[in-house]
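Asks: Dropping the structure in here first, questions after.
The values are calculated or read from the model by the stated rules, or taken from the named source; none is laboratory data. Keep in mind it's a predicted model, so treat the numbers as computed, not measured. For neighbour counting, all protein chains shown are included, and Cβ atoms are generated from backbone atoms with ideal geometry for every residue, glycine included. Protein only, heavy atoms only, side chains kept; ligands, DNA and RNA dropped before computing areas. Shrake-Rupley method; radii C 1.70, N 1.55, O 1.52, S 1.80 Å.
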Amino acid sequence: MRRKEKHIQTMLDSEKKRNEISNKNRQMAMELSKKADIQEGNWDGALDKMTLAIAKQLSISRCGIWTYFPDEKKLSCDKLFDNSHKKFDTEADCYGKDFPGYFEAITREEIIMAKDAHTHMATRELTEKYLVPNGMQSMLIVPFFNEGKITGTICCENQEQKEWTEEDVEFLKACSDLVTLTYNNRRIKTTLDKLSDDQETMQTIIDNIPRAVFWKGRDLKFQGCNRIFAQVAGLKSFHDLVGRTDYDMPSKEHGDAYPADDLAVMNSRKARLDLEEKNVNNEGKVSWVLTSKVPVTNKHGEVVAVLGMFEDITERKLREADITSKLQELEQLKKMLEKRTN
């Protein structure tokens, strides 16, 4: 009985620790998502913040972000933070002809968890030219994507062998999404600098943002959206949305709350970021979304609209609920055993 109680306590402590780490990682990812450099697509500044945050959050020696060039079979290091020396740096380009096994793993979009990078199948050929010169023993590599294709990798390195965890991987996946967001925002920003105010071109760009986007005028009527938002609303295109209000949408039960929130953003001129809300799609299915809204001004500084963006976080909410349920069950079982042993 005592052994069972000790085992349950160990499981409980382990689950609590993992939950605490996951919460800290989510908090860090959320803080990163609010950074202006990431939101505005300032590539160099955004990578500074992300590589530094990842290296410190995971307590590792180095973190680098590499862009993949498939035509050249090359990985190019855009940014590397050396946590040991507290400085930013870059690495020489890495070519597939020199490391075919490593590149094969990368192009298969694998997550590489190499406690001993010198012996791991995917990284062992890096030993002579990369790992030994840099004094690295362990690597964790997670890809990031754009338009469904691998665009690069986040590469974590450590001078000592490190047992990488599921929490480490989940954190890097969240950071991978932020790299993709920055990548898209940079592309959009570059495109907007070159293009005129062409509505069709603007709509094409907005449709390629990997989150649901919408905007409303001062009269709280929808003026437009992207492809993802239209799909959630059960519409064929943004043309079918223009002129509607929240009372005309599948989420009409929130017809009072949503407009009130939009007005508050426009009247206060302050953005509301990462607000968790329930959402109802065109099939009546309830989900959880993370919503952000910002006021839109014209050239005279007048607020003329509100721009909103949301992403589905239902899976995360379900995972959190499952963790909470497990902890409660373990707590109850522990109390039952304590009563029997007393």
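Asks: Convert each backbone phi in region 161-170 into a coupling constant with the Karplus relation 6.51 cos²θ - 1.76 cosθ + 1.60 (shift: θ = phi - 60°), then list the ³J(HN,Hα) values in order as whole Hz, x for Gly and Pro.
Replies: 4, 10, 7, 6, 10, 4, 5, 4, 5, 4
Asks: How much mean residue ellipticity at 222 nm does the chain get from its helices, if each DSSP H run of length 4 or more adds -39500 (n - 2.57) and you divide by all residues, to the nearest 500 deg cm²/dmol?
Replies: -14000 deg cm²/dmol
Asks: Continuing with this model, one more query. Find how much the distance from HIS85 to THR127 grows on full extension, using 0.36 nm per residue of separation minus their present alpha carbon separation; answer in nm with one decimal.
Replies: Extra length from HIS85 to THR127 when fully extended: 12.9 nm.
Asks: Going 7 Å from the Cα of THR324 along its beta-carbon direction, which residues of region 21-35 have the amide nitrogen within less than 20 Å of the resulting point?
Replies: 21-28, 30
Asks: Using the reciprocal of the averaged 1/r over all distinct C-alpha pairs, how large is the Kirkwood radius of region 1-152 in Å?
Replies: Taking every pair of different Cα atoms in region 1-152, averaging 1/r and inverting gives 17.5 Å.
Asks: Just to check I understand the Karplus step: with θ = phi - 60° and J = 6.51 cos²θ - 1.76 cosθ + 1.60, what whole-Hz values come out for region 49-62, glycine and proline as x?
Replies: With coefficients 6.51, -1.76 and 1.60, one gets 5, 6, 5, 5, 5, 5, 4, 6, 5, 9, 6, 10, 6, 8 Hz.
Asks: Can I ask one more? Pairs LYS17/LYS270; LYS293/LYS317; LYS24/LYS299; LYS189/LYS221: which are spaced more than 32 Å apart, C-alpha to C-alpha?
Replies: LYS17/LYS270; LYS24/LYS299, as the Cα separations exceed 32 Å there.
Asks: How much area per residue is accessible in the chain when the probe is 1.4 Å and only protein heavy atoms are counted (Å²)?
Replies: In whole numbers, the chain has 56 Å² accessible per residue.
Asks: Here is a follow-up. In whole Hz, with x marking every Gly and Pro, tabulate ³J(HN,Hα) for region 24-39 from phi via Karplus 6.51 cos²θ - 1.76 cosθ + 1.60, θ = phi - 60°.
Replies: Running phi through 6.51 cos²θ - 1.76 cosθ + 1.60 with θ = phi - 60° gives 5, 5, 5, 4, 5, 4, 5, 4, 5, 4, 8, 5, 4, 4, 6, 5 Hz.
Asks: Then there's this: Give me the number: length gained by fully extending ARG187 to VAL169, i.e. 0.36 nm times residue separation minus the C-alpha to C-alpha distance, one decimal in nm.
Replies: Stretched fully, the ARG187-VAL169 segment lengthens by 3.8 nm.
Asks: Here is a further query. To the nearest Å, what is the center-to-center distance of region 221-244 and region 315-334, using C-alpha atoms only?
Replies: 37 Å
Asks: Accessible area of the chain with a 1.4 Å probe: how many percent of it is carbon plus sulfur?
Replies: Whole-percent figure for carbon plus sulfur exposure: 49.
Asks: Right, something else. Residues with amide H under 5 Å of ASP78's amide H, sequence separation 5 or more or different chain, H placed in the peptide plane at 1.01 Å from N; which?
Replies: Amide H neighbours of ASP78, under 5 Å, 5+ apart: ILE65, TRP66, THR67.
Asks: Right, something else. Let me know the charge dipole size of the chain about its Cα centre in debye, to the nearest 20, where only the beta-carbon of Lys, Arg (+1) and Asp, Glu (-1) is charged.
Replies: Using only the charged Cβ atoms, the result is roughly 1060 debye.
Asks: Name the residues whose placed amide hydrogens come within less than 5 Å of the amide hydrogen of ILE313, ignoring near sequence neighbours (fewer than 5 apart) on the same chain.
Replies: TRP288, VAL289, LEU290
Asks: Still on this structure: Between region 1-56 and region 117-162, how many Å separate their Cα centres?
Replies: Using only Cα atoms to place each centre, the spacing works out to 21 Å.
Asks: I need the fraction of alpha carbon pairs in region 85-166 separated by more than 17 Å, rounded to a whole percent.
Replies: I get 47 percent for the Cα pairs in region 85-166 exceeding 17 Å.
Asks: Taking a cut-off of 29 Å, what percent of all Cα-Cα pairs in the chain are separated by more than that?
Replies: It works out to 51 percent of all Cα pairs.
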